[in-house]
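Some notes on the structure that comes next.
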Amino acid sequence: MKIALMDVGIGLLTAAAAVRGLRPDADLVLSSDPAGMPWGPRTPEDITARALATAEAAAARRPDALIVACNTATVHALPALRARFEPGLPVIGTVPAVKPAAAGGGPVAIWATPATTGSRYQRGLIDAFAAGVRVVEVPCPGLSDGVEYANEADIAFAVAAAARRTPDEVRAVVLGCTHYELVAGRIRAALQRPGLPPPVLHASADAVAAQALRRIGAHPAPEAPATGTLTVLLNGREAALPATAPAYAEGRLLHTLAPTR
């Protein structure tokens with residue numbers, strides 16, 4: 001079994017680690033676009049073109065499924081990716097977990113990039129899955145870049161600023177960018193209020209990994225032998241994991257995997 005994941009940068013680490021947890025025997029292909037970073041400020045057409053190129057590099061390794069481990073790429077490029085690769089290669093997008101977050105009745109905050117906050121896409125998710133629930137959209141400028149480059153000062157500043165914009169009564173927070181999942185612990189700590197239970201963070205990696213297995217008719221087997229290999233593609237060229245990956249637990253986990261045989 002071979003599962004490919006794509007993103008502009010290291011946001012794909014959480015979904016890759018989730019796949020590894022479900023199927024330690026699966027080979028992983030991680031394809032990213034450091035030369036095009038960041039995707040958020042680009043036009044939808046440019047994002048789609050770069051996402052297609054990143055996906056083509058992954059598809060050339062003949063995976064069984066392709067996970068689009070990026071909210072921005074899912075918003076702008078998922079239809080084009082599915083038109084290009086399906087039905088031969090199942091393509092799984094990453095959707096912010098608004099539905100399970102809203103199931104508790106709210107209020108709910110959605111932390112997302114400035115480009116996604118207030119977008120028609122995000123408002124559509126709120127209308128579809130959080131009708132009647134108070135939802136606060138919280139832009140997080142600089143957070144994804146801080147995570148990408150493992151810049152502790154930038155991460156701390158961006159998390160603190162977003163926490164200040166999050167009302168105290170919010171106890172459910174949707175992480176609307178895959179990069180944010182890498183610093184979930186720091187986000188939770190910043191949102192902790194005295195005398196209140198810890199906030200519940202709703203991420204996407206576990207659901208996306210499970211959906212990828214369902215799409216190819218496979219089942220979770222966390223007890224399987226840990227024989228899966230790792231291929232890293234940076235703008236289509238085989239490389240090592242980015243130097244910042246080991247700054248995060250998910251990156252350290254993947255760093256232990258053997259390269260492709």
Inset, instruction - Would you tally the residues in the stretch 1-24 being closer than 14 Å to T231 by Cα and surrounded by fewer than 24 Cβ atoms within 10 Å (Cβ to Cβ)? - result: 4
Inset, instruction - Out of E137, E148, report the one residue that is modelled with pLDDT of 95 or more, touching a helix residue (DSSP H, G or I) at 6+ places or on another chain (Cβ under 9 Å), among the charged types (D, E, K, R) and closer than 22 Å to L12 by Cα. - result: E148
Inset, instruction - Scan the stretch 140-180 for residues that are outside any helix (DSSP H, G or I), open to solvent by 10 Å² or more (accessible area, probe 1.4 Å) and closer than 17 Å to L201 by Cβ and jot them down. - result: R165, P167, D168, E169, R171, A172, C177
Inset, instruction - Quick one: in the stretch 45-56, of everything that is out of contact with any Asp or Glu (no Cβ under 9 Å at 6 or more places or on another chain) and open to solvent by less than 20 Å² (accessible area, probe 1.4 Å), which residue is modelled with the highest pLDDT? - result: A55
Legend entry - Set P79, P107: member being over 15 Å from the mean Cα position of the chain (by Cα) and open to solvent by 60 Å² or more (accessible area, probe 1.4 Å): P79
Legend entry - Criterion violated by G88 - all others in (1) in contact (Cβ under 8 Å) with a residue 24 or more places away in the chain; (2) under 23 Å from A210 (Cα atoms) satisfied: (1)
Legend entry - the stretch 211-252: number of residues that are surrounded by 13 or more Cβ atoms within 10 Å (Cβ to Cβ), more than 19 Å from the chain's Cα centre (by Cα), without any contact (Cβ under 8 Å) to a residue 12 or more places away in the chain and outside any strand (DSSP E or B): 0
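The values are calculated or read from the model by the stated rules, or taken from the named source; none is laboratory data. Since the model is a prediction, treat every value here as computed from it, not as a measurement. Quick reminder, even Gly has a Cβ in these numbers, built from the backbone with ideal geometry, and neighbours come from all protein chains shown. Accessible surface is based on the protein model in full, side chains and every heavy atom, while ligands, DNA and RNA are left aside. Shrake-Rupley method; radii C 1.70, N 1.55, O 1.52, S 1.80 Å.
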